[in-house]
Structures are given as structure tokens and as C-alpha cells.
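The structure appears below as C-alpha cells.
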Amino acid sequence: MPQDQMNHESRWLSDAEQRSWRAWIAVSLLLPDRLSRDLQETAGISLADYEILVRLSEAPGRRLRMSELAEATLSSRSRLTHQVDRLQQAGWVERERCEDDRRGAYAIMTTDGWEFLVRAAPAHVASVRARLVDVLTAEEFAEFGRLCAIIADDLEAGPTSPVTAYPTSVPQE
């Protein structure tokens with residue numbers, strides 16, 4: 001082991017922590033994939049595009065600044081631009097320039113977008129129930145939500161740079 005790492009052992013995951021971590025990895029990859037596949041099959045839309053429509057449907061006047069929509073959907077602005085382009089081509093979203101800030105723009109849900117979302121929502125909710133909510137008891141689901149909120153709040157508040165609290169080292173066998 002290099003000299004600079006000899007006094008700073010990494011805190012490796014215990015067997016129980018490793019099992020929990022790997023279970024989280026599986027869920028974080030499989031669940032969005034399954035929900036997106038279900039949406040694609042039932043409504044012909046991706047989970048990411050559906051989420052944009054949901055966020056717009058919940059906004060006053062069904063409109064949000066593109067920057068606010070990017071933040072709400074955890075998307076980069078460039079990715080959101082491409083997604084909104086697709087939704088605009090489908091006739092579900094329109095764009096409008098901000099009068100007070102010429103660089104900004106609003107995404108606005110159209111009547112067709114609203115009607116599409118109303119038709120797509122029941123199958124999506126059934127998918128969420130079948131793949132997550134009904135797999136757990138009501139108490140487990142509430143605890144799951146509480147724990148996810150703690151992690152999400154920490155991630156949103158914390159630094160976006162890589163964690164370097166523990167130096168990289170390989171465990172000795």
C-alpha cells in the first residue's frame with residue numbers, strides 16, 4: 001500500500017451494508033426502466049417525457065420557465081431542450097419567450113398535452129402501484145419515502161464534486 005494511504009484506511013462496506021447497497025443499485029436501475037417500458041407500451045412515451053408533462057400539469061397555468069422545469073425534473077438544460085422539442089412536435093407542449101428576460105423561455109402544456117396525460121395517467125399509476133407501492137406494506141412504503149427524502153435532501157444540499165473523504169485503497173486479502 002502506498003505510504004500516503006497507510007495511515008488512512010478506507011471505510012469499506014460491511015457485508016450487510018454491501019447487500020443493502022447492491023439492492024439499492026438494482027432498484028435504482030430496474031424500477032425506472034420498468035416504469036418507462038410500461039409507459040412506452042401503454043402510452044408511447046418515456047418516463048422522462050411523462051415527468052415533464054406531469055410537472056407542467058401541476059404548475060400554475062400549466063407553464064414553467066425552462067430553467068425551473070429543468071430543475072424540477074433533475075435534467076440538464078440541454079437535455080430538457082431536446083425533450084421539450086419532442087413534446088412540442090407531438091403537440092403536447094408549446095414554447096413562449098419570456099417578455100421580461102429575452103434569454104428565457106416558458107414551456108406551456110397544450111390542451112392536447114393535458115388530454116394525453118389524463119389518458120396516460122391511469123396506466124402509469126397502475127404500473128407504479130404494481131412495481132413499488134403494493135410490493136411494500138403501507139408502513140414500509142411510508143418509511144421508504146421518508147428515507148428517500150432524507151437522501152434526496154442531502155444530495156440536493158451537498159456538493160456536486162466527487163467525495164474524497166476517504167483515499168482510494170484496495171483491501172488487503
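Bear in mind that the values in this text are calculations on the coordinates, not laboratory data. Keep in mind the model is a prediction, meaning the values are calculated, not measured. Positions of Cβ are generated from backbone atoms using ideal geometry, with glycine treated the same way; all protein chains shown enter the neighbour counts.
Couple of notes before you dig in:
- Any hit, the range 45-66, residues being more than 17 Å from residue 114 (Cβ to Cβ), in contact (Cβ under 8 Å) with a residue 24 or more places away in the chain and not aliphatic (A, V, I, L, M): yes
- Taking the criterion of being over 15 Å from the mean Cα position of the chain (by Cα) and of a type in the set (Phe, Trp, Tyr), the only residue of the range 13-54 that qualifies is 21.
- With a requirement of 1 or more residues that are surrounded by 18 or more Cβ atoms within 10 Å (Cβ to Cβ) and out of contact with any strand residue (DSSP E or B) (no Cβ under 7 Å at 6 or more places or on another chain), the helices (runs of 4 or more DSSP H) lying completely within the range 1-118 that satisfy it span 15-43, 47-58, 66-72, 77-89.
- Residue list for the range 104-146, filter: within 29 Å of residue 79 (Cα to Cα) and among the acidic types (Asp, Glu): 112, 115
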